[in-house]
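The values are calculated or read from the model by the stated rules, or taken from the named source; none is laboratory data. None of these values were measured; they are calculated from a predicted model. Please note: Cβ atoms are built from the backbone with ideal geometry, for glycine as well, and neighbour counts cover all protein chains shown. When the accessible area is computed, the model is the full protein with side chains, heavy atoms only, and any ligands, DNA or RNA have been set aside. Shrake-Rupley method; radii C 1.70, N 1.55, O 1.52, S 1.80 Å.
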Amino acid sequence: MPSLKLDVRTSSTGSPDLVNFVAKGAALPAGIHVSEFDGGTGSSILLREKGQRTLLAGVGEKIKIEPDTIRRAAGTAVKALLKAGANDIAFDLTAYAEHVGPAVEGAILASYKFDGFGKDPAKNKRGVLSRLQIIVKEHELTAARVHAREAEIVASITNTIRGIGNLPGNMLTPAILADKAEELAHGRPLTVKIWNERHLKRDGFGGILGVGQGSTQNPPRLIVIEYRGGGKRETPVALVGKAITFDTGGISLKPGAAMDEMKWDKMGGCAVLGMTLAIADLKLPINVVGLIPSAENMPGPDAYRPGDILTTRDGKTIEVLNTDAEGRIILADAIAYARQTYKPSAILEFSTLTGAVIMALGHKRAGMFTSEEKLRDAFLAAAKITGEQLWPLPIDDEYRENVASEIATVKNSTFREGSACSAASFVKTWAEDTPFVHFDIAGTAWTTKPPTHLEGGATGFGVRLIIAALRAGLPV
């Protein structure tokens, strides 16, 4: 996307389209009736006067305004103005200076649109956000500039990850994802290590190899990204993300309907890539390691089969009952490697793991599974700030019974009831005693029904959540 010029000022310059944030019950401009616009959440109206366009964005009752209220209102306003051909937009935040960060995030996130391939740019009438002006009072300028810049970093990286996420399987294979990770890490204080199929076999990553062996043309990879912003003796936080670049289900083949959406089965890994980039750019004073196991799950003469036994990095074994429950298998290897190699203070894992979590929570919230109460509360607080909503679900010992195997450490599939919890329990097996949080983002990683404040496709869910939680300090 074109670079954005972000200005924080006390008054606008040039001829931008102006956005005013209006609370419910506030005085309206002359000629606007409450039946047309009342300041309610999600409402907006575009005014034109002497060549100046002003969009009024409703934020609801003033006492109920939260950061995500402004974020969504800003996104809704930018989407509407870009559709009208705008490229220079000014937000009047003189009454909401404490929400400069969310407003900038909302604007940048809304400005992203995946335009596809082979389309004629001349037919695209949508504007491109080239300048965003933030208007605050003079005594608020210093703080507002800091918050605006930090929000720009996180939102811009989220959009980069959305762009990667929207690439189809033939354009984003495990090897290409590894190349992109190296490319994006270049020039940042990050160290990237890549395991190809030979390295994976040498080092005993039987889970990743098993899932990936059906795709002889696009073999698997393990991507490890290290960031050292903390003390030399400080244990890192491990971020683990599933990146199945395309998931057919393997021999346990998925139905054909909506299988194209399985290009987004890599979004947990993409999110972890984005997290590490944002952590580096923000120069957070912590140590972090990101681990992205990546494979293509395909049927074929070399594919793994129901009934196979796979041995993971730490010697644990998996009885394969369903090859379409592959994500948990590649995560097992990555989590085992994180635990053994880095001895992290916590393992935070993101994956589009189960359809069951969508049945439970829909597309508004991700499932959060942890037995660590302090971590749970920290992430719920971060969710409220970022608007990346979560709902706690159980991962306790009773779900271990569901994945117990008579011939291996665990089995990778079980009965449907409580299957999101069973899958979480399966993955936790490899964390052992390390504090562990599993985020099932299957319902939130992409959208085919865009809300008013975002375009469709990959959402980048998780990047802003993790950054907020890390900046607040994880209780580990």
- Note on the structure: By residue number, the members of segment 407-441 that are of a type in the set (Gly, Ala, Ser) and closer than 16 Å to Val272 by Cβ are Ala431
- Query: Taking the stated definitions as given, is Glu140 closer than 20 Å to Leu18 by Cβ, acidic (Asp, Glu) and open to solvent by 20 Å² or more (accessible area, probe 1.4 Å)?
  - Reply: yes
- Item | segment 13-26: number of residues that are surrounded by fewer than 19 Cβ atoms within 10 Å (Cβ to Cβ) and either within 14 Å of Asn87 (Cβ to Cβ) or hydroxyl-bearing (Ser, Thr, Tyr) (or both) | 3
- Go through (1) among the acidic types (Asp, Glu); (2) over 17 Å from Phe21 (Cα atoms); (3) surrounded by 20 or more Cβ atoms within 10 Å (Cβ to Cβ) and name the single condition Asp120 misses. (3)
- Query: Which one is nearest to Thr317 (Cα to Cα), of the residues in segment 375-421 that are under 22 Å from the mean Cα position of the chain (by Cα) and of a type in the set (Lys, Arg)?
  - Reply: Arg376
- The strands (runs of 3 or more DSSP E) lying wholly within segment 195-295 that contain at least 1 residues that are open to solvent by 30 Å² or more (accessible area, probe 1.4 Å) are 221-228, 243-247
- All positions within segment 326-343 that are open to solvent by 10 Å² or more (accessible area, probe 1.4 Å) and either touching a helix residue (DSSP H, G or I) at 6+ places or on another chain (Cβ under 9 Å) or not hydroxyl-bearing (Ser, Thr, Tyr) (or both): Arg328, Arg339, Gln340, Lys343
- Message: Among the residues in segment 452-463, are any under 20 Å from Ala271 (Cβ atoms) and either acidic (Asp, Glu) or open to solvent by 50 Å² or more (accessible area, probe 1.4 Å) (or both)?
- Response: yes
- Given the structure, is Val78 touching an Asp or Glu at 6+ places or on another chain (Cβ under 9 Å) and buried (at least 16 other Cβ atoms within 10 Å of the Cβ)? no
- Message: Among the residues in segment 116-131, are any among the aliphatic types (A, V, I, L, M), in a helix (DSSP H, G or I) and under 27 Å from Thr447 (Cα atoms)?
- Response: yes
- Based on what the data block shows, is Gly443 modelled with pLDDT of 95 or more, among the small types (Gly, Ala, Ser), part of a loop (DSSP other than H, G, I, E, B) and at positive phi? no
- Is there a residue in segment 367-387 that is open to solvent by 10 Å² or more (accessible area, probe 1.4 Å) and in a strand (DSSP E or B)? no
